[in-house]
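The values are calculated or read from the model by the stated rules, or taken from the named source; none is laboratory data. On a predicted model such as this, the values are computed, not experimentally measured, just so you know. Don't worry about glycine lacking a Cβ; one is built from the backbone with ideal geometry, like all the others, and counts go over all protein chains shown.
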Amino acid sequence: MIKNQPLQEKETSSLKDLLKNDNENLFFHIPFLKNEIHHHYSILVWLITNLKPKKIAIFDNDIERIIHKNICEIIDSFELSSQCFSEKQKKESPYSYPNTLLPIKPDISDYDCIFINSLNQSLKKAPIINSLYEKLPENTTIVIDNIFSDHSIAKENSSIITAWQTQYPHFDFYHYSGLTILYTGTAVPFSLKNLFDLSYSPVLAQRFQKKCAFFDQYWSMYNSLDKKNEASTPSLFLESKIEQNLLGRKLQYSEKEIANQTQKIREKNKILKDLTNQVAKNGCNKKLISIKNLYPKSISEIIYRQLKRKTPVFVKKYIKNKIKMYIDAPNFINVIKRKFYKEDNIIGNSPQSSNSLHSMDSLNYFARPDYNSYNPIRKILFVAGEPDTPGVIYRCYRNAKACIMAGHEAKVSNAADVSVNDIQWADIIILWRVEFSGHIDGILKLSKEYNKLTAFDVDDIVFKPHFAHIEIIDGIRTIGTTEAKTAHTFHNMRQTLMRSDFAIATTKEMREHMAQELIPRHAGPLVYTLPNIFDDECVKLSRFAARIVQATKNDDYIRIGYASGTRTHQRDFALVIPALISIFQQRSNVRLVLFREPINHRPILHMNEFPELKNYENFIEWRDTVPLEKLPQELARFDISIAPLEIDNVFCNAKSELKYFEAALANVCSIVSPTQPLKRCIQHGVTGYLASTAKEWEEYLLSLIDNKTLRKEMAQNAYHAVLWNFSLQRQSKLCDTMLLSLVNEKGAAQAAETIISRKNYNLRNLPVIPHSNILFEHDNLRESEVTVVITSYNYEQYILEALESVFIQTLKDIDLIIVDDGSSDESITLILEWSINHKHRFNRLQIHQSVNNVGLGGARNIGIAASETLYSMQLDADNRLMPDTCEKLLQAIQNTNIGYAYPEIQHFGAGEAIGGHVPFNPLRLTVGNYIDAMVLIAKWAWAAAGGFYVKRDAMGWEDFDMWCSLAEMGISGKQVTNTIAEYRAHFASMTNVLTEQNTHKPKVVSHLENRHPWLDLVYPEISPWNKKQ
């Protein structure tokens, strides 16, 4: 174990000062433990390392005994001389710290620190505890945990606790979750005085508790991740691997949050130092007080009026305190960066992260693009009317991420928590499922007073009171409400809609219903469509879960899954019952997966309404409902996902496509009812099946059950279809265009032009994936960020150099896909031998060989389709990467809406030249290609463009065609300087053999100009003197 330095606290630096200054060292040096982490671990470290008690008595829970373990490890880690005593004998200790845990002594006055877990029921009869009730030892720190628990022994001794509060003045520090600290002496140690003094500063007390809670959670996750072992059975292995993955993500976000907060603290301190030095150096000249142009006018006026009468010494002290007060104000860092330091790359402001991966955990890590947009930066406040439902993730948090990715600032607030400061901060306030009330009326009126725009956003038709009938909404009867209550809720939603400046819908049908309501009051109402989407984390979790399921499946069952999370789909599910019963009778290997509540096992569906299934209970698998972050692992267990809906029902016809795209992300094909939104996004028989009748349901189910290849191809096509259409990146484009249209009339015209010309940024066509055979595969079942795709055709003399350049990449985890396009030389033998010998370097490695020679475009599509990462590095077998090529390119575009990044190219071999040295500008493409095929491309961008072009008429120019297609969709690239890749110039290269040949080049140029009419390719001028000769 690495020894840690004790957390020394100097008496000249109080806890208040550390908290006021956001000292970055507060709790940053907590040791890693081998045992389970106590939920108050941070405060334990603080107390023990600062008090340094000589003797510690511990009365822990008989079963868990976590405090025992943690305190012993803290003492050992910090090399303290403290002795630990327990009511249990030393020999019973489950951990080995010799001379640390000792049997407790009967005289309680021997101890200067006592820890009591009030859940320990055995303490009721302990004589030593009874002596505490009679008289407390002097100058002793007593820590009581779980004091507010229903099972706490403190409840039975409330009179004694009350007496202690009266007798001892230092018994008023209540930490979160019922941790109480009592000191029985008069001269309080400095560290304890700090804690007790926080009771007079509620803001700092809350800040301290939040810091403790954050690090408690962080170290608990770290510890849990370290202890996850691979289980012996496939099902336990599946659970363990996915749980490990989730914990790893949460830990990663916590570490990013620590780094982010540390950077903010350093920025604040630098700004404070720069401003105070400037004022001290230049005096009180009003013109020189740069802060006047930084923040509200009142600040600079107050400072100027008071400073011009003061002495220089007082000036420095005063300005430091005054400036700091405003530096601590919300969003100050962003304002300073824009106006003082003139920086444009600003991280979006957001509240504290929560436990959920799908909430604001990663909101701070979506940086604004590093180029200036013609769309001014807007601040968007998303207000959640139903903050405890999954919908808030789809409609608030993910859309907030999309806005930040587009270059704006965004944050989320519960409707009940919206304050005047929030309204003043925002430019646009989006109210999701917010019922009208006095509070909401106040928000809307203040918004108008401050000239802020408001929008009503909704994902169901919950704003038409006349729809509140069981005949339309079956869920009214199944969730225990009434038509009258539902109508009242819908009426309140409608009131919010009618008072908002514009509206946002999830589907085209929803948009039409909203416009119908608004037209009588608003001529030409503004209603935008922002679909439900997934984010990058959802993609990663889904694809990882699919890999784990594929690796651990050990039965031959075909699972048909119905992922309904609410009791509102009884009539919908009834549509597919006849088909399911018929299939149960025909196929004994089929299982229907349904969900139930975790604790009481109450089914989500009311099974009493489906007596037909009574005789087929052995065909049903019951799964517990899970949080949204764990939904991908449940969906990945399906072989077929079904989403039946009443297609003639107006309510169902406006529902979004999320059940389809979430299944597709988890590599599962779907059969759905042909509602209008689903008909638009599914190619029948290609990316899914659309079933209207019981006969069709049975037919399509049987075809998928009996054909594994069809299931696989349809799932892959569905994945490629949704990867762009419901992505965070596309949503960022839609949000940016929407916000531009709200700036002014000019912005509205530009936005309309963009939407019309780009057709709402819709997917062009599905990528064509030629057939291939897998010759070799290896999977460590970890995650990577980048897959290197090497395409090879008869390059036996160069392929090993390319492979070695991938092997030495600086990224720790990296995947490798090698696609041989039907080579006739010995290259495939070399590839196989090298891969077998080097497989452990890679998280995932596959070798594909195309069934027929398909050309570069087809080979690249095979490789990218086989990848399971968000980004793929394209490498031809005759070229090489430098060690840090992938890492630098990834850093440039990760968590952005940039589609690809290209390095500088150094030619070697038969000639020396450079490439990739020109900054990205799509208009450069009008005259010719300037970007090599050696790029890191996002898989969503590849899917958006329909993959690489595979026909022979563009042979050798497939990369240029891709850049043109992405430019037409407004998807940008990025040049990454000081990042080198090596291009081999040789006479056998495709460029020399085919691309630049006079017989081929004119044909391909004509073809590309037909595909992209805006191209006007220009060739180098031929000298007239050469013509004469």
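Quick one: in segment 919-966, which of the residues that are touching a residue at least 40 places away in the same chain (Cβ under 8 Å) and polar (S, T, N, Q) is surrounded by the most Cβ atoms within 10 Å (Cβ to Cβ)?
The extreme case among them is Ser965.
Of everything in segment 679-729, what is of a type in the set (S, T, N, Q), outside any loop (DSSP other than H, G, I, E, B) and crowded, with 19+ Cβ neighbours inside 10 Å? Give them in sequence order.
Answer for segment 679-729, where residues must be of a type in the set (S, T, N, Q), outside any loop (DSSP other than H, G, I, E, B) and crowded, with 19+ Cβ neighbours inside 10 Å: Gln716, Asn717, Asn725, Gln729.
Hey, which of the strands (runs of 3 or more DSSP E) in segment 495-614, taking only ones fully inside, have at least 1 residues that are touching a Phe, Trp or Tyr at 6+ places or on another chain (Cβ under 9 Å) and closer than 30 Å to Val743 by Cα? Quick ask: steps written out before the conclusion?
On the way: elements: 502-505, 527-529, 558-561, 590-596.
Per the criteria, 502-505, 527-529.
Specify the residue that is surrounded by the fewest Cβ atoms within 10 Å (Cβ to Cβ); the eligible residues are those in segment 478-505 that are in contact (Cβ under 8 Å) with a residue 60 or more places away in the chain and over 22 Å from Ala523 (Cα atoms).
This residue is Ile479.
Go through segment 922-953 and count every residue that is touching a helix residue (DSSP H, G or I) at 6+ places or on another chain (Cβ under 7 Å), more than 25 Å from Val806 (Cβ to Cβ) and part of a helix (DSSP H, G or I).
5
Identify the residue in segment 421-460 that is of a type in the set (Phe, Trp, Tyr) and within 15 Å of Thr496 (Cβ to Cβ) and, among all such residues, is surrounded by the fewest Cβ atoms within 10 Å (Cβ to Cβ).
Here the residue is Phe436.
Looking only at segment 734-747, decide whether some residue is among the hydrophobic types (A, V, I, L, M, F, W, C) and touching a Cys at 6+ places or on another chain (Cβ under 9 Å).
Yes.
Ala574 is checked against (1) surrounded by fewer than 17 Cβ atoms within 10 Å (Cβ to Cβ); (2) at pLDDT below 90; (3) of a type in the set (Gly, Ala, Ser) and fails just one. What number does that condition carry?
Only one criterion in (1) surrounded by fewer than 17 Cβ atoms within 10 Å (Cβ to Cβ); (2) at pLDDT below 90; (3) of a type in the set (Gly, Ala, Ser) is unmet by Ala574, namely (2).
Do any residues in segment 752-765 that are within 15 Å of Asn725 (Cα to Cα) have Cβ atoms under 8 Å from those of residues that are of a type in the set (Val, Ile, Thr), where the two are at least six apart or on different chains, and which pairs are they?
Sorted first by the residue in segment 752-765, then by its partner, the pairs are Ile755/Thr737; Asn760/Thr529.
Does Ser732 meet the test of being at pLDDT below 95, among the small types (Gly, Ala, Ser) and outside any loop (DSSP other than H, G, I, E, B)? It would help to see each step written out before you state the result.
On the way: at pLDDT below 95: no; among the small types (Gly, Ala, Ser): yes; outside any loop (DSSP other than H, G, I, E, B): yes.
No: the conditions fail for Ser732.
Quick one: Asp535 ticks every box in (1) more than 23 Å from Thr506 (Cβ to Cβ); (2) touching a helix residue (DSSP H, G or I) at 6+ places or on another chain (Cβ under 6 Å) bar one, so which box is it?
(1)
State all residues of segment 883-892 that are surrounded by fewer than 24 Cβ atoms within 10 Å (Cβ to Cβ) and touching a Lys or Arg at 6+ places or on another chain (Cβ under 9 Å); if no residue qualifies, say none.
If the condition is that a residue be surrounded by fewer than 24 Cβ atoms within 10 Å (Cβ to Cβ) and touching a Lys or Arg at 6+ places or on another chain (Cβ under 9 Å), then Ala892 is the only one that fits.
Under the condition of being touching a residue at least 60 places away in the same chain (Cβ under 8 Å) and either small (Gly, Ala, Ser) or in a helix (DSSP H, G or I) (or both), which residue from segment 388-397 is nearest to Phe661 (Cα to Cα)?
In the first step, residues of segment 388-397 are kept if they are touching a residue at least 60 places away in the same chain (Cβ under 8 Å); the result is 390-391, 393-395.
Keeping just the survivors that are either small (Gly, Ala, Ser) or in a helix (DSSP H, G or I) (or both) gives 391, 393-395.
On the way: Gly391: 15, Ile393: 16, Tyr394: 13, Arg395: 16 Å.
Filtering segment 388-397 for residues that are touching a residue at least 60 places away in the same chain (Cβ under 8 Å) and either small (Gly, Ala, Ser) or in a helix (DSSP H, G or I) (or both), the one nearest to Phe661 (Cα to Cα) comes out as Tyr394.
Which numbered condition trips up Trp940, out of (1) at pLDDT 95 or above; (2) closer than 20 Å to Pro903 by Cβ?
In the conditions (1) at pLDDT 95 or above; (2) closer than 20 Å to Pro903 by Cβ, Trp940 misses (2) alone.
Given the structure, is Glu617 surrounded by fewer than 17 Cβ atoms within 10 Å (Cβ to Cβ) and either in a helix (DSSP H, G or I) or in the same structural domain as Thr478 (by TED's automatic domain parsing) (or both)?
yes
Would you say Asn895 is outside the structural domain of Ala400 (by TED's automatic domain parsing) and more than 26 Å from Val768 (Cα to Cα)? Working first, answer last.
Values: outside the structural domain of Ala400 (by TED's automatic domain parsing): yes; more than 26 Å from Val768 (Cα to Cα): yes.
Yes, satisfied.
Answer with yes or no whether Ala400 is closer than 30 Å to Val626 by Cβ, in contact with a strand residue (DSSP E or B) (Cβ under 6 Å, 6 or more places away or on another chain) and either in contact (Cβ under 8 Å) with a residue 60 or more places away in the chain or assigned to a helix (DSSP H, G or I) (or both).
Spelling it out, Ala400 is indeed closer than 30 Å to Val626 by Cβ, in contact with a strand residue (DSSP E or B) (Cβ under 6 Å, 6 or more places away or on another chain) and either in contact (Cβ under 8 Å) with a residue 60 or more places away in the chain or assigned to a helix (DSSP H, G or I) (or both).
Is it the case that Gly561 is modelled with pLDDT of 95 or more and assigned by TED's automatic domain parsing to the domain that holds Arg637?
Values: modelled with pLDDT of 95 or more: yes; assigned by TED's automatic domain parsing to the domain that holds Arg637: yes.
Yes; evaluated as a whole, the condition is true for this residue.
Go through segment 577-602 and count every residue that is farther than 20 Å from Glu696 by Cβ and either surrounded by fewer than 16 Cβ atoms within 10 Å (Cβ to Cβ) or β-branched (Val, Ile, Thr) (or both).
9
Take the residues in segment 735-769 that are under 21 Å from Ile404 (Cβ atoms) and not in a helix (DSSP H, G or I), then tell me which one is modelled with the lowest pLDDT.
Val743
Tell me whether segment 411-420 contains one or more residues that are closer than 22 Å to Leu728 by Cα, in contact (Cβ under 8 Å) with a residue 24 or more places away in the chain and surrounded by 20 or more Cβ atoms within 10 Å (Cβ to Cβ).
Initial filter on segment 411-420 (closer than 22 Å to Leu728 by Cα): 411-413.
Subset that is in contact (Cβ under 8 Å) with a residue 24 or more places away in the chain: 411-413.
Now narrow it down to the ones that are surrounded by 20 or more Cβ atoms within 10 Å (Cβ to Cβ): 411-412.
So far as segment 411-420 goes, yes, one or more of its residues are closer than 22 Å to Leu728 by Cα, in contact (Cβ under 8 Å) with a residue 24 or more places away in the chain and surrounded by 20 or more Cβ atoms within 10 Å (Cβ to Cβ).
What's the total number of residues in segment 449-486 that are assigned to a helix (DSSP H, G or I) and either touching a strand residue (DSSP E or B) at 6+ places or on another chain (Cβ under 8 Å) or among the aliphatic types (A, V, I, L, M) (or both)?
Within segment 449-486, residues that are assigned to a helix (DSSP H, G or I) and either touching a strand residue (DSSP E or B) at 6+ places or on another chain (Cβ under 8 Å) or among the aliphatic types (A, V, I, L, M) (or both) number 2.
For Glu512, are the conditions met, namely being acidic (Asp, Glu) and within 30 Å of Gln495 (Cα to Cα)?
yes
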